[in-house]
Structures are given as C-alpha cells and as structure tokens.
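Below: one structure, written as structure tokens.
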Amino acid sequence: MFVSLCQIIIINKDMNISELSNLNANVSVCVTLADLKEFVSEMMAEVAAKPQQTEETMLSADEVCKVLGISSNSLWRWGKSGYLKGQKVGRKVFYRKSDVDALQGK
C-alpha cells in the first residue's frame, strides 16, 4: 500500500509568489492575474539588475600572429607556457581579443 505524505502550509494572505517559491514545498497555488503580473515584473526587474555578459571577440591563430607580428611557432610556445592561452573550438584554437590587446599594451 502506497501512502503519500503531505505537508500542510498555512499561508499568510500577505505572502507573495516569490516567498512561496522559496519554501521549496510541494504546494498548489491559486493566484490572481494581478499577483501573476506582479511576480513577472519582479522577475524581469531581477533579471535586468544582473550584469549582462558581453560577448568576447575571438581571434584565430593567423589573426593573432598578424596583429602581434609573430610566427605561429612563437604563438604555439606562448600557449604551451601559459603566456597567451587559447580556447579550443573543435580542432581550431581561438584567442580572446582582450588578451591580445593586453599584450600589445592597449
């Protein structure tokens, strides 16, 4: 015989949806449209307040060699030594433009 355990929560009328979601309890909630709109606007404000990630420009090995005026052998050694770390995407290695600019002193 399967017996399910239920947790009964007495909800304060002033409790909002965000507070309910923080309870981590299995509850059924009936909300008004106004409460739902308030919850969505709170979540949108929270997302807007978080710092946005800016997309980093990546350069290929050939572009880095051309910009820095070095050979591909030097770039490979720099990668091995940790002087200029690359990020592998598939079989190609790309380098952050900000890292290359830092080496140039920009």
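Derivation of every value follows stated rules applied to the coordinates shown; laboratory data play no part. Not measured: the values here are computed from a predicted model. Using ideal geometry, Cβ is built from the backbone for each residue, glycine included, and neighbour counts are taken over all protein chains shown.
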Exercise. By how many nm would the segment from Val47 to Gln87 lengthen if fully extended, with 0.36 nm per residue of separation less the alpha-carbon distance?
Worked result: 11.5 nm
Seminar exercise, completed: Restricting to aspartates and glutamates and to Cα separations under 19 Å from Lys80, and discarding same-chain partners fewer than 8 apart, the set is Asp62, Glu63, Asp99
Exercise. When Lys and Arg each count +1 and Asp and Glu each count -1, what net charge do the other residues less than 15 Å away from Gly79, Cβ to Cβ, add up to?
Worked result: +4
Exercise. How much length, in nm to one decimal, is gained on full extension between Ser60 and Leu103, taken as 0.36 nm per residue of separation minus their Cα-Cα distance?
Worked result: 13.9 nm
